[in-house]
Amino acid sequence: MAENNKIQDITFILKDLLKVIKVVTLYPEDNPLPTSLRRSFSEKLESLVEEYGEMSFSIAEDTMTYEKEIVYESKSKEDNLAGIFYDTGITQLIICDGLFVDEIYQFLDVIKQYINSNDKSLDLVSLLWESTISQIKFKTLEDIALSQYDDGFNLQDFMAKQNTDIEHFEGQQAVDGSADYEKIFIPHGTENVEETNLTDTNVATAEGTSLNQNRNNSIFYAVVPESGKSMRMAENEIDEVAFKTAEAAAAMGLDDLPQAANSVPDTTMILNESFALSEEEEIKIQDLLRADTEFDPYLSTALLLKEMLHQEDEMGMFYETVTICEKILQEFISHGKLAEASIILSYIIALEKKIRPKQPLWAERLKDAAITAGSSERLLVLSDALNIYKEISSLELKKYLSLFSWEALNNITDLLNTLENETHKECIVSYLAENGKNNIDFVGKGIFHKRSDVVCNAITILSKIGDKKSLIYLSKLVEHRDETVRLALVKALKDSPSEGVLTILKRAAFDSNQDIRNQAIESIVSREGKPAFETITEVINDNSFIVNDQSDQLALLKAYSKLGGEYAVEYLTRLITKVNLFKNAQIQFFRFAAFEAMIINKSDRCEQELLKFSRSIRPDIKKQAQNALQKRREYMYGGETS
Amino acid sequence: MSVTTAQDALRSIAGKEEERFLSAFFVLYKTARLVDKDNKTFLNQSEKFYNTLMPICDKFGSVNLKNISGRFFVNESIVRFDGSGLSGADSIITEWNELGIGGVSFNEEISKDEAERFFIFMAKIKPNAENLESLSLKLKANNLAAVQLFSKAADGEDAELLTEEARRQLRTQARSTFFKAMEVVQEIVVSTKSDSEINISKTKRVVHSLLDQISQDESSLIELASIKNFDDYTFAHSTNVAVYSLTIGVRLGLDRARLSQLGFSALFHDIGKVKLPTDLINKPDAYDENDWIQMQRHPLLGAKTILRNMKFDVHTARAARGAFEHHINNDFTGYPMLRLEKVETTLFSKIISIVDSFDALTSGRVYLKKSIEPEDVIKKMQYQMKIKFDEFLLKLFNDIIGVYPVGSLVLLTTDEIALVLSNNKTDKSKPFVKIVGDKNGIHQSPIWFDLASEENNDRKIVRKIDPENHGLDIKDFILEV
Ligand SMILES: [Fe+2]
Ligand SMILES: [Fe+2]
């Protein structure tokens, strides 16, 4: 019964653990929900450990087992507590007696860091090991693999493998009569040169000539057992390499060792104090340590790669280095490190220019790398990274994009199909608008996309470029099936520098959607000048003007009046004076609209005509004219008019 | 109550009973710091503690708990804890160190109530306002005569407190860790040769275990690193460089994350050699200039291998720098020559550079036929100070190696031959040794001595012995359990 309770308690606490992990990883730190849940869970677990003592769980792909009982079983791929551990290679999790809330918090923090981090290189095992949690222990697949070495490694075999040059002593017998051994006990100074003493030992070169006579010039004392014998290499020994002693010295970086051996201080005489670091030296070491905390793996590697690009003297090897640069560049991008990726890519580009005159083939490889960086496949990685690391700034992104040439425009345009973040999209759009002028076909193809948002982005880019070619593309959208696209088009064209947009706007002014029509007119009006006036005139003269909605007609007449100034007055007066014997509603409306339009006409001629109308014998016209005159003055000399 | 010192010789490895006692001790101590006397948890834990205390008291009349240089002893037996240690013990030990407390003793008359009062009392201590004397007086005033506090042992006294048995266990464990690391290096080499994937997780785990070992007992691993005549020296060399580097790293107080990166970098520092043509490596003749140019490519090849064959992360970034820079001196001599910009080498590269030179020169295997004695290497390296190596790091390394480096053979005034097992922090001339032979020959079972202790006053080191000159193989002594 008690045992049953135990299993049940453990089952519950594991469920809770999954829940608390989900909540802590989902909510921000300051949210009260994770805070309280974390606390209640930790307290529960603490008392459970206190009650039952150590608990060890075997971890499988989606189960956790405690004393042969399955205490956790995952129901789905997404909600899998066992999986969190299993995926990182943890096969056993041990919760030890003496586990307190503080360490449980720490444990949850590590898991949170692991799950929430976008850094794909983090591994839970290392994070747990690096944290100082003492009462939660674990075993991994690697531990199991490593533990097999314990059995496999046989010391005796190992020692037997040693060459037999050196005699092995086995107890006392072996020692008896060994002259070499007895020499140990001859008082020092009375025996022959016995210790490897730097001052007394012959120094040999590989050629076998003693360097003794050159002692003053010699730079390094390579001690050999017998001078004159050339060094022999043992087989299969990677490291055991014989060559000139001077070079050996150079190899060890000891080539300028002062030669006077007598002046070498005898370390055995060094006082113990000399081993201890002084306070000053401690500070120096602290400085070194502090500097090291600034180590940035990305920056470090970017700088290293730059140097490595200069290290190869042979083309094949150089190509290999470039390939490595490409690999790392990709990894940086996928980790969201655009600034550091920019360092690598911009260096590839700069170096290409620099070496092209003398090493065209080498330069070609670099160019290839730069172009490949802008390939659709590579940019897909960028897009994925941008969607994960929303915090990547526009500046960073822009800087990276600036490293691409026209070849990448097509693929950069495609980024707009996959990016999720608005800031990033805007950044791409403005990049394409700035750089797409000569490659309208690349940046303009977006208008054919089936997704409206992609089409809208293309509109923004094309309207910013605004040249003839881009307008041809844009004009294709006037009849786009999606209203949002058409609306976006008329809005975007408002600020386009090209006059050619008026043709498109004119067509839009007859759109079936009123918002779009209004926006089109507004866009035309906002452009001012003669061409705009002409456009409006054309719209009004168009046969379809009569069938337009009244609010459109009013808007158009107003636009016409405003843009046309004195040139518009004549037409407006014609609308007013048109005889309306049978109280035709349409004629009446046009009269009203014409008066409304004259309110915002600033020309003197308008004023004169209004004055004339205000003295009209037709009471209807007279009244409206007086009204309009007053409103117009308000409009022109102060006060607002609607 | 009298204040006794913790500097008594210790005997053996503790059993489960002592382990449980120690664990319960710290759990209760920590609980007392967090809650009040009548808290349920506290009462529970105190019950547990008392239940672990009494059986030992019954057996020995009292329970003495001592902390000596981070190791715990219960009734003179060393209590072993795997790696991660005890819950909350760190902060308690830090406080004890500040107060000068080296341990505590409970005698068999202690009641549960007294034990509880003791923990509550200890938990409320204000470290700045107290010292061992004042605390002892207060304990007395509080009617806690059944509990005594020990004073802290002075630095360097720990060596002698590790008994032969305890040492043996640590050495066995060190050996297993060391050889695991060597096996992993071998796997890395094989993988690199065939351009197949290198098991990074396994490498990291092996670094973790090296580190766990070093933080417990650095001498045993250094002793193994001092064996230079392994057949598979290539693998041993990388392992040695990792051991020495990590020892420096631990002394520098690097955090665990950085230590893990340092050990990882060290294991990979010479990986570029694997990529050199086999006939160059196996060339029986002396190297000509061209060969040498090839050889000098190994740092670059190493960096390339690491960056190409492994997933990029902080470990590989560190390792690539380490491989590339480990032959570049502080004054930018060495190789490769930096062609773009003279960027200062990283801390890790500086560390690896020092220990790599040391290991290569002492082994005599890398570039020279004959090995050079560690102290001579250190002498040489000291010459290079300021120019070649970082002088401060070198000094730190010196301190680790000492006058009689761990793993070297020495002759004593008593005409005995001894193997140096660990350095004495305060007096480098008096290490902890194991006597392996005398005029009559090699001993079947060696005897362990602390040359710093009073009773061994007659045993002094005469000089170092080069084992090879006398037909001895140092490996036999080091690997012997
Ligand atoms: Fe090297
Ligand atoms: Fe090396």
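Any read-out appearing in this document is the output of simple, stated calculations on the displayed coordinates, not a laboratory observation. Here the structure is a predicted model, which is why all the values come from computation and not from measurement. Neighbour counts run over all protein chains shown; Cβ positions are idealised from the backbone, glycine included.
For the stretch A:474-564, the C-alpha radius of gyration divided by 2.2 N^0.38 Å, with N the number of residues, is 0.96. In a simple Cβ point-charge model (Lys, Arg +1; Asp, Glu -1; nothing else charged), chain B has a dipole of about 1240 debye relative to its Cα centre.
What the Cα atoms of the stretch A:511-577 give is an Rg and a Dmax of 11.2, 32 Å. Cross-link partners for A:K562 among the aspartates and glutamates, with Cα-Cα distance under 17 Å and sequence neighbours closer than 8 places in the same chain left out: A:E522, A:E528, A:E534, A:E538, A:D552, A:E570, A:E596, A:D604, A:E607, A:E609, A:E634, A:E640.
Ranking of A:T577, B:T203, A:T537 by neighbouring Cβ atoms within 10 Å, starting from the fewest: A:T577, A:T537, B:T203.
What do the square roots of 5 times the Cα gyration tensor eigenvalues come to for the stretch B:409-479, in whole Å, largest first, as semi-axes of the equivalent ellipsoid?
Here the semi-axes work out to 19, 13, 11 Å.
Span-like helix check, chain B: qualifying full DSSP H segments, with Cα axial length of 20 Å or more and mean Kyte-Doolittle of 0.5 or more, are B:233-252, B:347-363.
Kirkwood analysis of the stretch B:228-324, using all unique Cα-Cα pairs, places the hydrodynamic radius at 14.4 Å.
Each 5 Å bin from 0 upward holds the following percent of the Cα-Cα pairs of the stretch A:1-127: 2, 10, 20, 24, 23, 14, 5, 1, 0, 0. A quarter of the convex hull surface defined by the alpha-carbon atoms of chain B gives 26.1 nm² as the mean projection. Expressed as a fraction of 2.2 N^0.38 Å, the C-alpha radius of gyration for the stretch B:164-401 is 0.96. For the listed peptides A:54-61, B:323-330, a ranking on the average number of other beta carbons within 10 Å per residue, highest first, reads B:323-330, A:54-61. When only the Cβ of Lys, Arg, Asp and Glu is charged (+1, +1, -1, -1), the dipole of the stretch B:409-479 relative to its Cα centre reaches about 240 debye. For the stretch A:537-642, the share of alpha carbon pairs falling in successive 10 Å distance bins from zero is 16, 51, 30, 4 percent. Separation of the stretch A:536-606 and the stretch A:454-513, taken as the distance between their Cα centroids, equals 27 angstrom.
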